[in-house]
Amino acid sequence: MKFRFSLEALLNLREQRLEALKEELTLLISSLREAEAELQGLRKRRAWYMEEFKERQRQGLSSLEILYYEDFLSDLEDKIHRQRMRVEELKKGIERKRQEIIVASQELKMVQKLRQRRWAEFVKESRRQEGLMLDEFGMRRKAFPL
């Protein structure tokens, strides 16, 4: 008698889904790190240009140069804002993915527990069958001694 779990395909599917979600989470975390590094770089760049702008103002700038710096810094602020929004979206995506992993993990554990129960039932039934066979064998030996 061989053990067969009727929901083995479901168990495999849930295991694969959990692994895929974990891989997706890893990619999201990697993207978040890159986005945060890019945001930090933009902020450093803004700080550097602000200092340069202040220094150049002390030296005297034409109105055209002032407009150039203001436009440039405004564009940089827009990039920083967009990057900050991207970072926030990635953080939300990571949290959603973690919740999906929790649910998928719970679903997997349910099927694994069911499989363990069915295995225990199988072992119990196998031992019972074995005991019956041994009893029958013992009775036959008594009935027909060698």
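The values are calculated or read from the model by the stated rules, or taken from the named source; none is laboratory data. Since we're looking at a predicted model, the values are computed, not measured. Quick reminder, even Gly has a Cβ in these numbers, built from the backbone with ideal geometry, and neighbours come from all protein chains shown.
Return yes or no: is residue 21 touching a residue at least 60 places away in the same chain (Cβ under 8 Å) and either of a type in the set (A, V, I, L, M, F, W, C) or exposed (fewer than 11 other Cβ atoms within 10 Å of the Cβ) (or both)?
yes
Looking at this structure, is residue 47 free of Cβ contacts under 8 Å to residues at least 60 places away in the same chain and touching a helix residue (DSSP H, G or I) at 6+ places or on another chain (Cβ under 7 Å)?
Against the criterion (free of Cβ contacts under 8 Å to residues at least 60 places away in the same chain and touching a helix residue (DSSP H, G or I) at 6+ places or on another chain (Cβ under 7 Å)), residue 47 does not qualify.
Can you name every residue in the stretch 76-129 that is at pLDDT 95 or above and acidic (Asp, Glu)?
77, 78, 88, 89, 95, 100, 107
If we scan the stretch 20-33, do we find a residue that is touching an Asp or Glu at 6+ places or on another chain (Cβ under 8 Å), modelled with pLDDT under 95 and in a helix (DSSP H, G or I)?
no
Out of (1) without any contact (Cβ under 8 Å) to a residue 40 or more places away in the chain; (2) surrounded by 12 or more Cβ atoms within 10 Å (Cβ to Cβ); (3) among the hydrophobic types (A, V, I, L, M, F, W, C); (4) assigned to a helix (DSSP H, G or I), what's the single condition that is false for residue 37?
Every listed condition holds for residue 37 apart from (2).
Quick check on this structure: which one of 41, 93 is farther than 23 Å from residue 107 by Cα and of a type outside the set (S, T, N, Q)?
On inspection, the qualifying residue turns out to be 41.
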